[in-house]
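I am attaching a structure below and will ask some questions about it afterwards.
Nothing in this text is a laboratory measurement; each read-out follows from the coordinates by a stated rule. Because the structure is predicted, anything quoted here is derived from the model rather than measured. Here the Cβ positions follow ideal geometry from the backbone for every residue, glycine too, while neighbour counts run over all protein chains shown.
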Amino acid sequence: MLSKTNLTAPLWIAGLVIVALPAPAQTNSCKTDPTQAGCTYVPYYPIGAQVDLYFAQLADGGPAGGQRWQSSFLFNNPGLNSADVTLNIYDDNGQPLAIDLGAGFGVASSAHFTLDAEGAIALHGTTVGSSTSGGWAVAHSTSPLQATIIYTAFEGGSGTQLGTPALSVSAPATLPANQHWFNGDANTGIALANVYSDKTVTVRMRFKDASGNLISSKDLTLDKGQHTAFNVSGQYPDLANFQGSIHMYAPASSQATDFLAWAVAVPNGTVASLPPGREEWPQRADDAIRMAFLRIWNAGAQWNDWPKTMPQLLVDHNSDAVSISYSGTSTLTVTAATAELISDSPSELAFLIADELALATGFASDGTFSSNQQLNADSWAILFLITAGYDPYGALGALGKLEGASQVSGLVSGTFFPSSAFSTRLSAFSSSLSAACNYDDVSMSSCQDYLAVVHPNFPGNAVAAAPPRFTGVVNSRQKQR
């Protein structure tokens with residue numbers, strides 16, 4: 001099955017996913033004046049920063065004179081590139097839900113905006129609907145963002161006015177996952193959402209007591225795009241005395257293998273956020289690939305010879321082989337199997353994508369680092385890793401995993417990774433990294449950043465720890481940033 005989605009599509013689609021994004025504007029003032037306070041050559045990102053930002057619960061509206069809810073979306077861009085962002089809001093049935101977003105958007109179910117480097121925006125209006133609506137939302141960005149949603153309950157409002165704030169609770173944006181864990185009791189509030197438009201998801205909830213003994217197991221099926229929110233004892237009266245932990249997962253019988261989940265404690269009529277319960281690993285292939293691709297693309301865009309038009313990104317769920325390929329100048333295809341092979345290391349996945357982009361964009365054939373096109377591509381990929389804020393030593397892990405996996409017949413595409421070149425590429429790593437670190441003053445300073453932040457315990461003579469001072473361009477064919 002082939003299916004498409006983009007920044008304005010209503011839902012993520014399983015199968016072959018197509019994402020076409022505009023190239024980011026370069027608004028990095030640190031690049032033109034690196035002496036400014038707080039400037040860094042490496043775009044380190046805070047925990048939770050993502051290009052795909054999901055909100056498992058939102059609430060809006062309520063009867064006049066009664067409790068009325070407002071949802072506020074907060075976005076922060078911690079990076080060195082501007083971000084092109086589209087937010088889509090859905091009701092409990094997966095249909096567009098219009099709420100007052102303010103900020104020039106008014107009452108709308110979607111919003112498209114640009115966040116400057118290190119910029120921020122808060123989306124919330126001053127009016128609400130006359131009845132309470134619930135749902136979920138997703139934002140897609142061209143650069144990693146932090147995002148939070150704040151739910152505020154108001155009392156005493158009339159007409160469309162909010163009234164007096166009574167309580168607020170916040171939740172950071174999250175990602176779909178196969179498993180979630182929460183502390184819980186009979187009053188715990190739970191929100192679940194199915195982010196897929198072509199399949200249902202079954203959520204199995206295992207309620208355990210304080211000693212870890214299973215009390216009850218409940219299955220709940222969500223239709224395509226569906227959302228639900230409930231308190232434990234309200235949904236399941238037999239759990240009126242429950243106190244312990246909740247483990248949620250999509251069983252093997254479920255069509256979809258991941259879903260959104262969020263929980264809040266409701267002690268004595270108040271509301272308090274619980275820690276995120278999403279499993280740390282593995283990350284969904286689509287989200288991991290988009291994150292690595294966009295960060296590498298933004299890094300490459302610092303060079304004048306980089307393509308001006310961003311290609312479509314296709315995540316292929318139909319192929320069983322590890323492979324990345326570039327078609328013409330318009331499409332980059334990454335198989336989900338590639339992300340699954342190296343799912344525990346974003347830097348390794350980023351290296352493979354960077355290497356393919358270096359080959360596809362012609363950077364690999366310019367001879368900047370080596371007359372060998374593959375080794376030249378490796379050096380460019382390492383330089384893109386450094387520029388994007390990834391660990392350049394991830395290249396070693398990526399090559400090692402491909403070599404090991406290639407011993408399994410059919411697992412790795414021979415066209416994508418000719419095993420015969422492995423030893424040459426591996427032995428050239430140190431010189432490739434040294435050349436990348438000495439490409440120009442920016443790359444040299446970036447590598448020195450790693451000395452203090454990423455590799456403080458490496459010996460002083462290690463590459464990407466303390467490279468020799470840069471004394472000039474690598475050669476006359478050096479590309480300009």
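Quick check: pseudo-label points 7 Å beyond the Cα along Cα→Cβ at Glu279 and Val107, how many nm apart are they?
4.2
With everything on Cα atoms, drop me the angle between helix 285-300 and the longest principal axis of the chain, reported from 0 to 90° to the nearest 10.
It is inclined by approximately 50 degrees.
For the range 193-201, take each phi angle, set θ = phi - 60°, evaluate the Karplus expression 6.51 cos²θ - 1.76 cosθ + 1.60, and give the result in whole Hz per residue in order, putting x for glycine and proline.
8, 9, 8, 9, 9, 10, 7, 8, 9
How much length is gained on full extension from Ser409 to Ser371, taking 0.36 nm per residue of separation minus their Cα-Cα distance?
Using 0.36 nm per residue and subtracting the Cα-Cα distance, I get 10.5 nm.
If you restrict to DSSP beta bridges whose two residues both lie in the chain, what percentage is antiparallel, to the nearest 5?
90
Counting alpha carbon pairs within less than 8 Å and at least 6 residues apart, what relative contact order, in whole percent, applies to the range 285-452?
Taking the mean separation of contacting Cα pairs over the length of the range 285-452, I get 21 percent.
Pull out the extension gain between Ile47 and Ala321, defined as 0.36 nm times the separation in residues minus the alpha carbon to alpha carbon distance; nm, one decimal.
Separation in residues times 0.36 nm, less the Cα-Cα distance, equals 95.5 nm.
Follow-up question, since we're still on this one. Does anyone have the angle between helix 394-405 and the longest principal axis of the chain? Alpha-carbon axes, 0 to 90°, nearest 10?
90
If one takes the longest principal axis of the Cα atoms in the chain, at what angle in degrees, from 0 to 90 and to the nearest 10, does the Cα axis of helix 373-388 lie?
Rounded to the nearest ten degrees, it is 40.
Give me Val453, Val315, Val203, Val271 ranked fewest to most by other Cβ atoms within 10 Å of their Cβ, as a rough exposure proxy.
Val453, Val271, Val203, Val315
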